[in-house]
Amino acid sequence: MAWLPEAALAAYLAAQRQGRAAELLAQRPRYVRRLARRLLSPLWRVSGNAVATDVLAPAPWDLLLRAVLSELRPDGVLGLGEVGDAHWHEAGPWRPPLALAAQQAWIEPPLTGAQRGGLADAAPAERLCALWDVGPSTVYRAIDAGRRRLAQRLAQAMDDGEALLRRQLALQAELRRQLAPALMGLPQAQALAAPAWPGRLTDWHREQALRALAAEDGAAALWHLGHAGDAAGLFACLQRHAPVLARRPDTDALLRRLGALPLDTGARVSLALAQAALARVRGDDDGERQGCELAVRQAAASSPEGPVGPDRALLLGRAYGALGRYHETRDKDRALACFQESADFLRQAGLPDSAGAADGALLDEFVNTLVRLAWWYVLRNDPRARTLLDRAQALQDAQPRADDSQALLAQAWGEYWRRTGDLQQALECKYRALQIYERLGDQTAVLKTCGNLALLHGEARDLPRAQAYSQRVFDMARRMHVEPETLAATQLNLGAAHHWMNRWDQAIDHYQQGLAIAQAAGLRLLVGRAHYNLAESCYKRFQALGDADDERRGDAHAAASLAVWQAEGDPVPTEATQRLKQEVLGQPVDTVDRLLPGELAAHFPEWMAVSRQRAALALPLSPEAQVAAHLEIARAYLAVSMQEREAALALIERHALGERFAAALQGLHGTFDRALHREQRLGALWRQRAADLLDDAARGALLGQLLGEPGLLSKRLAAELCAVSPATASKLLGQLAGRGLLVQQGRGPSTRYRLPDDVVAAGG
């Protein structure tokens, strides 16, 4: 406690009693300002414009000391108001804080009428002697004990979130006693009893929140938004100032306190999403997922029966959008499903055909979801992103959206143009996004955009600018929380800049740093990208220097990258990784992150199979080999047909459109009628090998799907055909595969089954 001697506190309290506090503070300005930096920040957070910001004025110090003294109350109530008469007469822990409060004239002892008249001009200590019926020495010992305990409490560090929140609540309790008369324009006694005064206080909190946001003080804005009950504003504040708020110890404590209030469903969803955003910045993978999933559950539970109303649909759209963002770097299929759900719910929320007639907030959510969907396609080099971006741009042009929506759209366009190879347009879009984010003070988005600019300038062979924007991210990471995804991606982007300049050592160093961050945060897709980049740079360095260890390192990283892509079931990077070594050490090729032709992006494995077989047919082959190639091409086209049919069936089922498309579906069957004779012969083979697993109806249904339809079978479709649960269907398909009647393709949600070649031959 060397920085706050008890003697200094005693001197201030004495000066305050004598009306010389301002004079005393002016004598030691440097010392006072040093104390203010440590002690007064909780006060500035809650007091807004109600207390002078001059630390050499007594007002903030008096308010702080009263609030901290109230923390010593044995009953746990914050503030020096509402001390009952019984507490004054207790001889235990109540006496020290009450004695000091009375000595400083912060509260009045409850003397009887006769006592008050006889002691009208008496000192506070004399009044306490009369109240407690004790001598002056007892009273002064109580005052000294209260001062010592006050000094100890002031000296305690405020690193604990609950302790800091309690300090701020104590300050607010004292502030309310000070604000009440001013807010109501009434004498203090009437103001405290007036029923309308809490509403006026809410308005005051809203005003202070706006002032704090204008001053880019996220911590103060969060406090006032929470006490004003503005859940949507609180969510926006957390999104914008998350890097700073994530480091504050009281942020979580404040959110927990707000969560205990009787909030409506919309506020609870916003609060869950705010907590998820906070966890995202901290790299808390589980916390972010749990926050997003909680938001989905709360939105879904808001109207569990009957059709989804507009309000509930809007909440579900927001919640699924956040969950999709969580899965973006972890599970591409789930991310896409969540973004599609978000778009569907936002349409149900009442989005009209004309942008001009739409609610602004709803349209912003919808545009953001379109951009997220486009971003998902862009990151997979799928040209379908252009359609979504054009739609979002049309909505933006028809009715300009909020600044953050405009910036997000500019970000997505920037990545799209980069992947088409138009670096000039990409840079223009990224810089436009950066300017908007800087104007908004959205530090998280600023950091992401700087990381993207590092990649763009590296690709343009402008290494100094790439390093400058990367360093900006690294510098800010030392002062505030930065999302692990942003840090890892920036390291990889800076590594790519060095790679394009043939600086293999520096590239490998940054790639390894990015890999370590991605692995620690569980960002599987970035882990795969880091291993791929490391493999490429190791092969390049081997090519330049001939060190065999580099070739072995490249092989190891390529294998690790391939394992990630295969586990994800992502064919595009899988194919690129498999070709990497041959292409780097043989003929150079373009970078892998360029947009693919449309059908190639939509059905990559099937079109690659067709390409391989077409190339084989260009060679002089035996008749048997030519037949096999044609059959492989036919199977690939059938697989494409089935995938498109399944997508149509899913939409028909979801939107109850069966009657409208019944004829079109029936027409598909005629295309495959000529394969029925194969079904008859295969039926005999399946009866022989699987009679104990399938009855005639189920066997016929499965064979009809495999031969009369495009040739691939999913777990969901098998469950429908056999009238069993998905779990039973999964087990059944596994048993059929074990008996050689089916072959499994893919993993996870993309798993499909087909007839093996020998079974097809037996059936044909």
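Straight-line reach from Lys430: which lysines have a Cα under 23 Å away, not including same-chain ones fewer than 8 places off?
List returned: Lys448.
Would you mind classifying the range 1-56 by shape? Square roots of the alpha carbon gyration tensor eigenvalues, ordered a ≥ b ≥ c; an a/c under 1.5 is rounded, otherwise it is prolate if a/b is larger than b/c and oblate if not. Don't jump to the answer; show the numbers that get you there.
Values: a/c = 1.87, a/b = 1.33, b/c = 1.41.
Because a/c hits 1.5 or more and a/b fails to exceed b/c, the range 1-56 counts as oblate.
For a protection proxy built on the mean count of beta-carbon atoms within 10 angstrom, sort 531-540, 465-474 highest first, please.
Averaged packing, sorted descending, gives the order 531-540, 465-474.
Contour minus end-to-end for Phe661 and Ser750, with contour as 0.36 nm per residue of separation and end-to-end as the Cα-Cα distance?
Details: separation 89, 0.36 × 89 = 32.04 nm, distance 2.53 nm.
Extra length available between Phe661 and Ser750 comes to 29.5 nm.
How do Lys715, Lys332, Lys448 rank by accessible surface area computed with a 1.4 Å probe, from largest to smallest?
On the way: Lys715 95, Lys332 20, Lys448 50 Å².
Greatest to least solvent exposure: Lys715, Lys448, Lys332.
Taking the simple approach of a point 7 Å from Cα along Cα-to-Cβ for both Leu440 and Gln425, what is their distance in nm?
2.3
Let a ≥ b ≥ c be the square roots of the eigenvalues of the Cα gyration tensor of the range 45-171; is it rounded (a/c under 1.5), or, if not, prolate (a/b larger than b/c) or oblate? Could you put the intermediate results ahead of the total?
On the way: a/c = 2.11, a/b = 1.70, b/c = 1.24.
Prolate, since a/c reaches 1.5 and a/b exceeds b/c.
Share of the chain's accessible area from carbon and sulfur, percent, 1.4 Å?
Roughly 52 percent, rounded to a whole number.
With a point put 7 Å past each Cα toward its Cβ, work out how far Leu263 is from Asp333 in nm, to one decimal.
The answer from the label model is 3.4 nm.
If you take volume of the Cα convex hull per residue in Å³ from the coordinates, which of (1) 229; (2) 187; (3) 172 do you get?
The value matching this structure is (1).
Given only helices, namely DSSP H runs of n ≥ 4 each adding -39500 (n - 2.57), what is the per-residue ellipticity at 222 nm of the chain, to the nearest 500 deg cm²/dmol?
On the way: 40 runs with 568 residues, N = 764.
Helices in the chain give a 222 nm mean residue ellipticity of -24000 deg cm²/dmol.
With an 8 Å Cα cut-off and a minimum separation of 6 or more residues, compute the relative contact order for the chain in percent.
For the chain, the relative contact order is 6 percent.
With a 1.4 Å probe and all protein chains left in place, how much accessible area per residue does the chain have, in Å²? Present the calculation step by step, with values, prior to reporting the outcome.
On the way: 34760 Å² over 764 residues.
In whole numbers, the chain has 45 Å² accessible per residue.
Once you sort the root eigenvalues of the Cα gyration tensor of the range 497-580 as a ≥ b ≥ c, which label holds: rounded (a/c under 1.5), prolate (a/b larger than b/c) or oblate (the other case)?
oblate
Beyond 25 Å, what share of the Cα-Cα pairs of the range 361-501 remains, rounded to the nearest whole percent?
25
Order of 160-170, 59-69 by packing, highest average Cβ count within 10 Å first?
Details: 160-170: 19.5, 59-69: 21.8.
Going by the mean number of other Cβ atoms within 10 Å, highest first, we get 59-69, 160-170.
Subtracting the Cα-Cα distance from 0.36 nm times the residue separation, let me have the gained length for Asp54 to Ala723 in nm, one decimal. The partial results should precede the final answer.
Numbers: separation 669, 0.36 × 669 = 240.84 nm, distance 7.64 nm.
Gain in length upon complete extension: 233.2 nm.
Per-residue counts of other Cβ atoms within 10 Å, averaged by peptide: what ranking do you get for 13-24, 206-217, 228-239, highest first?
Highest to lowest by the protection proxy: 228-239, 206-217, 13-24.
With a point put 7 Å past each Cα toward its Cβ, work out how far Thr138 is from Arg38 in nm, to one decimal.
3.7
I'd like the FRET efficiency for Asp505 and Glu583, computed as 1/(1 + (r/R0)^6) with the beta carbon distance as r and R0 of 25 Å, rounded to 0.05.
On the way: r = 22 Å, r/R0 = 0.88.
The value I calculate is 0.70.
Ignoring everything but the protein chains, give the 1.4 Å probe accessible area of Met158 in square angstrom, nearest 10.
Looks like 40 Å² after rounding.
Counting pairs of Cα atoms in the range 437-537, how many percent are more than 22 Å apart?
23
Suppose R0 equals 51 Å; then what is the FRET efficiency for Ala122 and Arg256 from their Cβ-Cβ distance, rounded to the nearest 0.05?
Calculated value: 0.65.
At a Förster distance of 60 Å, what's the computed FRET efficiency of Gln471 paired with Leu685, Cβ-Cβ distance as r, to 0.05? Show your work: numbers first, answer last.
Numbers: r = 67 Å, r/R0 = 1.11.
Result of the calculation: an efficiency of 0.35.
Going 7 Å from the Cα of Leu651 along its beta-carbon direction, which residues of the range 310-352 have the amide nitrogen within less than 20 Å of the resulting point?
333-352
What length, rounded to one decimal in nm, is gained on full extension from Ala548 through to Val743, with 0.36 nm per residue of separation minus their alpha-carbon distance? It would help to have the intermediate numbers written out before the result.
Values: separation 195, 0.36 × 195 = 70.20 nm, distance 3.95 nm.
Result for the pair: 66.3 nm of gain on full extension.
Setting aside same-chain residues fewer than 8 positions from Lys731, which lysines have a Cα under 26 Å from its Cα?
Cross-link targets: Lys332, Lys715.
Of Leu523, Gly218, Ala559, whose Cα points farthest to the positive end of the dipole of the chain (charges on the beta-carbon: +1 Lys, Arg; -1 Asp, Glu; origin at the Cα centre)?
Gly218
The values are calculated or read from the model by the stated rules, or taken from the named source; none is laboratory data. These numbers were taken from a predicted model, which means no experiment stands behind them. Cβ: placed from backbone, ideal geometry, glycine included. Neighbour counts: every protein chain shown. When the accessible area is computed, the model is the full protein with side chains, heavy atoms only, and any ligands, DNA or RNA have been set aside. Shrake-Rupley method; radii C 1.70, N 1.55, O 1.52, S 1.80 Å.
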